Structures are given as C-alpha cells and as structure tokens.
1. When the Karplus curve 6.51 cos²θ - 1.76 cosθ + 1.60 is applied with θ = phi - 60°, which whole-Hz ³J(HN,Hα) does each residue of the range 151-161 get, with x for Gly and Pro?
2. Not counting ligands, DNA or RNA, and with a 1.4 Å probe, what is residue 158's accessible surface area in Å² rounded to the nearest 10?
3. Quick one, what does Rg over Rh come out to for the range 165-244 if you take C-alpha atoms and the Kirkwood Rh?
4. Report residue 19's accessible area, 1.4 Å probe, all protein chains in place, as a number in Å² to the nearest 10.
5. Kirkwood Rh, the range 98-221, all Cα pairs: how many Å?
6. Calculate, for residue 233 and residue 120, the FRET efficiency according to 1/(1 + (r/R0)^6) with r their C-beta to C-beta distance and R0 35 Å; round to the nearest 0.05.
7. How much space per residue, in cubic angstrom, does the convex hull of the C-alpha atoms of the range 110-152 take up?
8. If R₀ is 45 angstrom, what is the calculated FRET efficiency for the pair residue 77 and residue 111, using the beta carbon separation as r and rounding to 0.05?
Amino acid sequence: MTPGRTIATTARVLTQIRHDPRTIVLLIVVPSLLIGLVAWIFEDTAVFAQIGPAMIALFPFVVMFLVTSITTLRERRTGTLERLLAMPLGKGDFIVGYALAFGLLGLVQSAVAVSFAVWVCGLSITGPVALLFVVAVADALLGTTLGLLASAFAHTEFQAVQFMPALVFPQILLGGIFVPRSSMPEVLRVIGDWLPLSHAIDALGAVANGTHDESWVWTRIGFLAAWIVGAIIVGALTLRRRTA
C-alpha cells in the first residue's frame, strides 16, 4: 500500500459519487427519513425512546452495506478494477481507498442521522451526544467494510444483495432489537454477543440511556474497530481483479 495511491482512489470514488445525486440521497437522506418514519409511527408512545438508538445503528448500517457492495462490484464487472490494478495500485490501496471514501460519507450520514433523531425526532439522550456520534460513525464504517467484503465474493450485483441474509439479517435478528439477547436461548445469545452490530446497538443504547459508563462504550467501539480492520484485510486478500 502507498498513501498517495490510496488517497487518489478515495478522491476518485468521491468524485464519482458527487456526480450521482441518487446515491447521495440514498446514503445521506434515506436513513434519517426511515428513523423519522419510526418516530412518527410510535408518536406519543415510549417505544421510540427504547428502539431509537437501535434504529440509528440499523438503517445506516444496511444502507452502507448495500451501496458499498454494489458499487465496488460494479468496478470489477466493468473492468475498471482490472485496469486500475494493471497500474501501480495494489488491492490494499483499492480496498482502503474505498473504505476511506465511504467512511467519509458515513461520517456525514451519521452526523445527519444523529442530529435528526435527537433534535427533530426528539430522541432523549442521557450521555454525551458526541459519543453517540462516534458510535454511529463506527457503525457506518462497519456496514461499509462488510459491504467491501461481500463484493469480494459476489459475482453479480444480485449476488451482492443476496449476501444480506448471510451477513446482515442474522445480526439484525440477534442484535437485541426485537428481543433482549439475555432472553434468547443460550446458543443464540452467545452468537449474538459475537456479532458486531450487537455491540453497536448496545453502545448506542448505553449512551442514550446512560446504562453504562463511557469506558464500557469505548470497549464496544474497539470491538467494532477490530471487525472493521478484519473485514478490510480479508477483503483485500480475496479481491479478484474482475468477474468473469
């Protein structure tokens, strides 16, 4: 990897997305709209206060996974990746460059989603809003890197979407959104405890409700960071130049 080539890849991806208003709306606006829809559905009830932090984790994570996996796979299918790797550009430069580009978009997405949830939808936050923002950014980065990982194994855009039942849905079901993990069968609870989205949901809930101190939250952020780095490494090692 070379920092200059990685940054050049990041700049190229951001330039492409800047000329695609639909992708920008999907990344930046749609997660906040979905959070607002949930808040509206449970208006005048205490439900949104309970599940609101989980929604901040869920919707950006899913959107970043979808957009990143499909966009990266399109680069390979069109031969762009093969042409890039024929130049002095390594797989690590490509993967990390993409992760940085979508990570910056995730930064904006998280800022908009957290601000919308707190100051428009009225989500009550006991802990520091800045820490809530940090967890939300880590969650968006997690969706990005898992999307990059899925694109390394998929052959078509449809197959990239098909990875959602394998990589995304189990994390949603076992993350404690619908049923507390402590109430799940022991095997499912243990599996859920090792899934990264569970830790994002736990950390956001802890900041919102003040159930744990900041060191506990930072431990969960560290767990997310380990998954992010692991997904980048595996994605770089398994990335193919093109899809036949």
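The values are calculated or read from the model by the stated rules, or taken from the named source; none is laboratory data. In this text the structure is predicted, and so the values were computed from the model without any measurement. Positions of Cβ are backbone-derived with ideal geometry, glycine not excepted, and every protein chain shown enters the neighbour counts. To get the accessible areas, we keep the full protein, side chains included, count just its heavy atoms, and leave off ligands, DNA and RNA. Shrake-Rupley method; radii C 1.70, N 1.55, O 1.52, S 1.80 Å.
1. 5, 5, 9, 7, 9, 9, 4, 5, 5, 4, 5
2. About 140 Å², rounded to the nearest 10.
3. 1.07
4. The accessible area of residue 19 comes to roughly 130 Å².
5. Kirkwood hydrodynamic radius for the range 98-221: 15.6 Å.
6. 0.35
7. Spread over its residues, the Cα hull of the range 110-152 gives 66 Å³ apiece.
8. The calculated FRET efficiency here is 0.90.
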